[in-house]
1. Any residue in region A:37-55 that is closer than 22 Å to B:E44 by Cβ, in contact (Cβ under 8 Å) with a residue 40 or more places away in the chain, touching a Lys or Arg at 6+ places or on another chain (Cβ under 7 Å) and more than 14 Å from chain B (Cβ to nearest Cβ)?
2. Does A:R107 satisfy the condition of being of a type in the set (K, R), free of Cβ contacts under 8 Å to residues at least 60 places away in the same chain and open to solvent by 30 Å² or more (accessible area, probe 1.4 Å)?
3. Quick check, is A:R76 surrounded by 15 or more Cβ atoms within 10 Å (Cβ to Cβ) and among the basic types (K, R)?
4. Could you tell me which residue of region B:95-114 is surrounded by the fewest Cβ atoms within 10 Å (Cβ to Cβ), considering only residues that are over 13 Å from B:Y33 (Cα atoms) and among the β-branched types (V, I, T)?
5. Could we say that A:S81 is part of a helix (DSSP H, G or I) and either at pLDDT 90 or above or out of contact with any His (no Cβ under 8 Å at 6 or more places or on another chain) (or both) here?
6. Test A:S28 against the stated conditions and say whether it is buried (at least 17 other Cβ atoms within 10 Å of the Cβ) and among the hydroxyl-bearing types (S, T, Y).
7. Considering only residues that are touching a helix residue (DSSP H, G or I) at 6+ places or on another chain (Cβ under 6 Å) and aliphatic (A, V, I, L, M), which ones fall in region A:1-39?
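The values are calculated or read from the model by the stated rules, or taken from the named source; none is laboratory data. Worth saying up front: this structure is predicted, and the values here are computed from it rather than measured. Reconstructed Cβ throughout: ideal geometry from the backbone, glycine too, with neighbour counts over all protein chains shown. Surface areas here come from the heavy atoms of the whole protein model, side chains and all, with no ligands, DNA or RNA. Shrake-Rupley method; radii C 1.70, N 1.55, O 1.52, S 1.80 Å.
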Amino acid sequence: RKEVEQDPGPFNVPEGATVAFNCTYSNSASQSFFWYRQDCRKEPKLLMSVYSSGNEDGRFTAQLNRASQYISLLIRDSKLSDSATYLCVVNIPATGRRALTFGSGTRLQVQP
Amino acid sequence: EPEVTQTPSHQVTQMGQEVILRCVPISNHLYFYWYRQILGQKVEFLVSFYNNEISEKSEIFDDQFSVERPDGSNFTLKIRSTKLEDSAMYFCASSERGAGYGYTFGSGTRLTVV
């Protein structure tokens with residue numbers, strides 16, 4: 001099983017739609033969780049950290065379910081500028097790897 | 001906003017040649033990382049560096065690779081005897097307090113080995 005698994009998409013949604021992405025991680029000892037955004041041929045950029053209680057930043061809501069080992073990202077009122085690949089990122093120090101482990105990403109295409 | 005700077009943005013090299021990729025991390029950051037991303041694939045960890053030494057490395061980071069912090073600001077990745085499969089985007093990242101707090105990435109160096 002992959003350490004961090006995401007549906008690759010693409011998710012094609014109209015402007016204004018609400019879209020949700022899920023990500024599962026294999027190691028229950030994972031400690032830190034993030035969503036990064038990556039535009040085509042650009043560097044990953046931190047979108048938001050994911051906290052146990054869930055957290056919101058404007059139109060973006062992230063949730064963590066430790067029991068089921070998944071993380072979600074909800075985007076409300078999608079904009080054309082939200083089109084990008086969304087990377088689920090996990091820190092799994094129990095494996096001996098303290099550096100962040102990236103999922104393969106979910107591609108979002110918002111259409112006019 | 002502070003940023004991580006990488007140079008060059010694009011490097012083309014012949015197979016078997018050595019390349020040095022350069023990074024200037026954010027000035028008050030203590031943790032430094034190199035990742036690579038082969039076109040169409042995921043971002044893969046190469047190496048992390050803290051307190052002037054490698055703190056961990058992946059199985060990708062073999063004897064062909066080395067890292068150095070030659071002065072107080074630069075952080076370099078050297079690839080000896082490049083292979084075609086080394087063609088990728090190489091990202092440098094830095095963090096003030098470690099991976100658990102997230103990273104800031106540089107804009108990357110696109111390495112093309114011909």
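1. no
2. Taking the combined requirement at face value, the residue does not satisfy it.
3. So A:R76 fails the test.
4. Filtering first and then ranking leaves B:V114.
5. When the stated conditions are applied, A:S81 passes them.
6. When the stated conditions are applied, A:S28 does not pass them.
7. Passing the criteria: only A:A29.
Conditions (1) modelled with pLDDT of 95 or more; (2) out of contact with any Asp or Glu (no Cβ under 8 Å at 6 or more places or on another chain), marked per residue:
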{"residue": "A:E43", "(1), (2)": "yes, yes"}
{"residue": "A:F60", "(1), (2)": "yes, yes"}
{"residue": "A:R66", "(1), (2)": "no, yes"}
{"residue": "A:L74", "(1), (2)": "yes, yes"}
{"residue": "A:L87", "(1), (2)": "yes, yes"}
{"residue": "A:R98", "(1), (2)": "no, no"}
